[in-house]
1. Roughly how many nanometres apart are two label points built 7 Å out from the Cα toward the Cβ at residue 180 and residue 22?
2. For residue 65 and residue 157, what is the calculated FRET efficiency with R₀ set at 41 Å and r taken between the beta-carbons, to the nearest 0.05?
3. Among 123, 158, 92, flag the residue with its Cα farthest along the positive direction of the charge dipole of region 79-183, charges on Cβ as +1 for Lys/Arg and -1 for Asp/Glu.
4. How high is the FRET efficiency from residue 7 to residue 167, r the C-beta distance, R0 35 Å, rounded to 0.05?
5. Given a 1.4 Å probe and heavy atoms of the protein chains only, how would you sort 23, 1, 179, largest accessible area at the top?
6. With a length cut of 20 Å (Cα positions projected on each helix's long axis) and a Kyte-Doolittle mean of at least -0.5, go through the chain and give me the DSSP H helices that pass.
7. How big, on average over all directions, is the shadow cast by the Cα convex hull of region 18-96, in nm²?
8. If I histogram all Cα-Cα distances within region 1-61 using bins 5 Å wide from 0, what percent of pairs lands in each bin?
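The values are calculated or read from the model by the stated rules, or taken from the named source; none is laboratory data. Everything numeric in this text was worked out from a predicted model, so none of it was measured. Virtual Cβ from ideal backbone geometry, glycine too; neighbours counted across all protein chains shown. Surface accessibility is based on the protein's heavy atoms, side chains included, excluding ligands, DNA and RNA. Shrake-Rupley method; radii C 1.70, N 1.55, O 1.52, S 1.80 Å.
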Amino acid sequence: MIDSKEKLRKCLKIEKTLYRGNMNKCLFDFLSHFPFVIHESPELYKYIRLLRKTEYYLNTGKRFRAVICKTGLRYLQYKHGLSIPLNVFDVGLKIQHLAQTRVSSQSKIGKNFTIYPFCSVGTGHGKSPIIGDNVTVFSGARVIGPVELANGIQVGANAVVTKSCDVENAVLVGVPAKMIPLK
């Protein structure tokens with residue numbers, strides 16, 4: 001939860017390096033403030049920056065600023081098909097592409113979470129997933145219901161996870177998702 005200016009700065013610094021990659025710093029800064037989508041990474045960072053600022057303003061009780069940020073956030077959500085709620089993700093959220101992505105507002109997701117397009121992390125049977133650190137969910141995958149995933153898990157493309165996995169660094173594939181052994 002981002003409840004101080006220092007946490008906000010630290011979070012934005014980490015996430016900016018995730019999205020910038022090896023792009024020139026000046027070009028990235030220019031494109032992340034540009035009103036049109038020219039390159040995907042700066043546009044995604046623009047969304048993440050607005051998400052984190054909205055979280056900060058809500059958590060610190062600055063309601064007017066939170067409403068202004070949330071208005072811009074809603075616009076970008078509708079524009080790009082993203083549905084990512086506030087105060088669900090820890091530091092290091094990486095959205096790989098501008099495409100439909102859905103996350104339940106009751107989910108709890110750890111640090112360095114990477115999500116690809118057309119994924120869902122959703123509520124089932126009235127309960128939502130709890131996901132550890134350094135988890136990657138690949139394209140089209142679903143994590144549904146009262147699921148707990150350990151640190152370092154990778155959920156394969158189009159997998160449907162409906163059961164918990166407490167084995168760290170596991171790979172889950174298939175429908176329903178099962179752990180595959182790594183050699």
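1. 2.8 nm
2. 0.60
3. Comparing the listed Cα positions along the dipole, 158 ranks first.
4. 0.65
5. Reading off the accessible areas and sorting them downward yields 1, 179, 23.
6. 63-80
7. Its average projected convex-hull area is 5.4 nm².
8. Percent of pairs per bin, in order: 4, 20, 28, 21, 15, 9, 3, 0.
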